[in-house]
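A short write-up of the structure that comes next.
Any read-out appearing in this document is the output of simple, stated calculations on the displayed coordinates, not a laboratory observation. Predicted model only: the values in this text are computed from it and were never measured. Cβ placement follows ideal geometry from the backbone for every residue including glycine, while neighbour counts extend to all protein chains displayed.
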């Protein structure tokens, strides 16, 4: 019972740490690409921060692809598990995933694995060509109504 609620509270504290990271980005970083209503009914929120200011197209494409693949894990929903997963991706010039790492766990392996699986499934980004390697911070909020 009460263990899942404690984890959800702990992950809320991580939110304040993410804000300082967002201020580090250029103009586009302040907007961070939060999509509060995109999958609100499903209890999912996605925000993206790219390493370079001119990366709006990349943010839009990633957000769209992640939204299509992301789902609230049924087991986590049944157990009442909530949390925020923060990942850092390094994307190559031709849209390939060079590396991906968990920068902040939600406190639940179920949510962490679901987020990682959803992100891994969007690569390679077809037709995407960039001038440089991009570092993208992705935050996924799993919240139950």
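Data overview
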read-out: Point-to-point label distance, residue 57-residue 117, nm (Cα→Cβ direction, 7 Å offset); value: 3.3 nm
read-out: Segment 67-145, relative contact order in percent, only Cα pairs under 8 angstrom and at least six apart counted; value: 43 percent
read-out: Gained length - residue 96 relative to residue 133, 0.36 nm times residue gap less alpha-carbon distance; value: 12.4 nm
